[in-house]
Amino acid sequence: MEVKEEHKDLLRGLGLCDRDFELFDGKFVRYEYDREKGVRIYDPYYATSFEEYIDADGWSSWSIENDTFMTNIIKDAQAETQRREAISQRPGPEEVAEAIRRKFNVKDND
């Protein structure tokens, strides 16, 4: 599927990069343009670098909507994940191996 030059800036505004335009095959990755609403993409398998919400029907929201719902949630979740990882006490590989040996009653071969 050919991506029209006049639509590329709108698609970039959704977060797509130039290499994503090669993925538009008209079947699994495509887009629609509306003069009033802008563009939206059909990318149900997230093949492109689009990071926002894609509905169950495979379509993103229209570019005029400036939907950043997913980015906002992910940003907060990533910060919380990093905070928890920093305070988490993780066992080392030897501790994990020993716990598995005990759980499955495996004797050391030494």
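Every number in this text was worked out from the coordinates using simple rules, so none of it is lab data. It should be emphasised that the depicted structure is a prediction, and the values quoted were computed from it without experimental measurement. Neighbour counts run over all protein chains shown; Cβ positions are idealised from the backbone, glycine included.
Please give the direction-averaged projected area of the C-alpha convex hull for segment 5-103, in square nanometres with one decimal.
Value for segment 5-103: 10.1 nm².
Measuring from label point to label point, each 7 Å out along Cα→Cβ, what is the Ala56 to Lys4 span in nm?
3.2
Can you work out the Karplus-derived ³J(HN,Hα) for every residue in segment 21-29? Use 6.51 cos²θ - 1.76 cosθ + 1.60 with θ = phi - 60°, whole Hz, and x for glycine or proline.
So the Karplus estimates, Gly and Pro as x, are 4, 6, 7, 6, 9, x, 10, 8, 9 Hz.
Net charge near Asp18: determine it from the other residues with C-beta under 9 Å of the C-beta of Asp18, scoring Lys and Arg +1 and Asp and Glu -1.
Charge balance near Asp18 sits at +1.
What do you get for GluC sites (Glu not before Pro) in segment 22-110 restricted to DSSP loop and a cutoff of at most 12 other Cβ within 10 Å of the site's Cβ?
When the GluC sites (Glu not before Pro) of segment 22-110 are filtered for loop state and at most 12 Cβ neighbours within 10 Å, Glu36 remain.
For the residues Ser61, Ser88, Ser49, what sequence is obtained by ranking on other C-beta atoms within 10 Å, fewest first?
Lowest to highest Cβ neighbour count: Ser88, Ser49, Ser61.
Could you tally the net charge around Glu5, taking each other residue with its Cβ under 13 Å from the Cβ of Glu5, Lys/Arg +1 and Asp/Glu -1?
Within the 13 Å Cβ shell, the charges total -1.
Extent of segment 48-110 along each principal axis, from alpha carbon coordinates, in Å, largest to smallest?
Result for segment 48-110: principal-axis Cα extents of 67, 28, 17 Å.
Going by how many other Cβ atoms sit within 10 Å of their own, how do Ile54, Ile41, Ile64 line up, fewest first?
Neighbour counts put them in this order, fewest first: Ile64, Ile54, Ile41.
Using 1/(1 + (r/R0)^6) with R0 = 30 angstrom and r between the beta carbons of Lys27 and Ala99, what's the FRET efficiency to the nearest 0.05?
0.05
Can you give the helix-only mean residue ellipticity at 222 nm for the chain, where every DSSP H stretch with n ≥ 4 adds -39500 (n - 2.57) and the sum goes over all residues, rounded to the nearest 500 deg cm²/dmol?
Here the helix-only value at 222 nm equals -11000 deg cm²/dmol.
Take the alpha carbon atoms of segment 1-52, find their center, do the same for segment 66-110, and report the distance between the two centers in whole angstrom.
Result: 36 Å between the Cα centres.
Exactly which trypsin sites (Lys or Arg not before Pro) in segment 1-104 are in a DSSP loop and have at most 16 other Cβ atoms within 10 Å?
Here the sparse-neighbourhood loop sites are Lys4, Lys27, Arg35, Lys37.
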